[in-house]
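Working notes for the structure below.
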């Protein structure tokens, strides 16, 4: 009998404890007011190649009695394409009266006939006897230092303008050039200023692309401290509205255009220009400076741009 009474009391106590626990649980599950809510801070940091880190803080209501801080670091992967750019947009090289000549030389102009030159041909201070190209090969006029006035004075001015054009193209005021060197086969250049401390060449059968990016006035200045050589059957191809009249090649010594090669632009050299068999130049061949020698032609086609 006593055992039965004890068990009944114990059961009553357990039942009372269950009611209290349920009440507490009910209070805990009630919706809390915003003023009583605690906050959790989630911090996400993104890191990418060559991009400054970014941090975002998110605040979220969790419960009225607890604050939780979660920090997650996310490192995404980016693919970055690097594009080389040239110096600021270049102005065209000022050619002065030398722009009137398809061929302008100092001591001599040699030719293996028959070449076809569209534009004037000039020689100064060399004399007419040193001009190998003939009148039928030239759509234009042939001038020499021993012609009647005012031809000699005009030729002197053209030679002076060619020298000034060289100085203009190589002036430091044009800014810092993009450095190039060696074989340019398969390369595409955007408008701008380019320079090599050594030689520039295009290998046999190679192609150099000049892309005007849709701008018909885009200027390309490509200069070498020494020589420029286009090998046999190589080509300079103009794209994106680029024009030969806005392309300038400047060599500290000589320029050689290989057999059956195709060149676009005005060529300004300091010692000699050799245009080999069957080459095609849409531009000018201009010699400048006191050490300038001769322009050599060999069944070539030259058209003033």
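Quick look at the values:
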| item | result |
| --- | --- |
| Unique residue being outside any strand (DSSP E or B) and within 23 Å of residue 300 (Cβ to Cβ) when the list is 162, 153, 92, 148 | 162 |
| Conditions (1) part of a helix (DSSP H, G or I); (2) surrounded by fewer than 18 Cβ atoms within 10 Å (Cβ to Cβ): number failed by residue 198 | (1) |
| Qualifying position, being modelled with pLDDT of 95 or more, surrounded by fewer than 19 Cβ atoms within 10 Å (Cβ to Cβ), in the same structural domain as residue 293 (by TED's automatic domain parsing) and more than 24 Å from residue 274 (Cα to Cα), among 114, 171 | 171 |
| One residue from 233, 256, 277, 266 being assigned to a strand (DSSP E or B), at pLDDT 95 or above, surrounded by fewer than 24 Cβ atoms within 10 Å (Cβ to Cβ) and in the same structural domain as residue 140 (by TED's automatic domain parsing) | 256 |
| Some residue of segment 123-130 being touching a strand residue (DSSP E or B) at 6+ places or on another chain (Cβ under 7 Å), assigned by TED's automatic domain parsing to the domain that holds residue 251, at pLDDT 95 or above and farther than 25 Å from residue 279 by Cα | yes |
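Here's the yes/no breakdown for (1) over 21 Å from residue 99 (Cα atoms); (2) in contact (Cβ under 8 Å) with a residue 12 or more places away in the chain; (3) touching a strand residue (DSSP E or B) at 6+ places or on another chain (Cβ under 7 Å):
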| position | (1), (2), (3) |
| --- | --- |
| 217 | no, yes, no |
| 240 | yes, yes, yes |
| 274 | no, yes, yes |
| 289 | no, yes, no |
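The values are calculated or read from the model by the stated rules, or taken from the named source; none is laboratory data. Everything numeric here is computed off the predicted structure, so don't read it as measured data. All Cβ positions, even for glycine, are placed from backbone atoms using ideal geometry, and neighbour counts span all protein chains on display.
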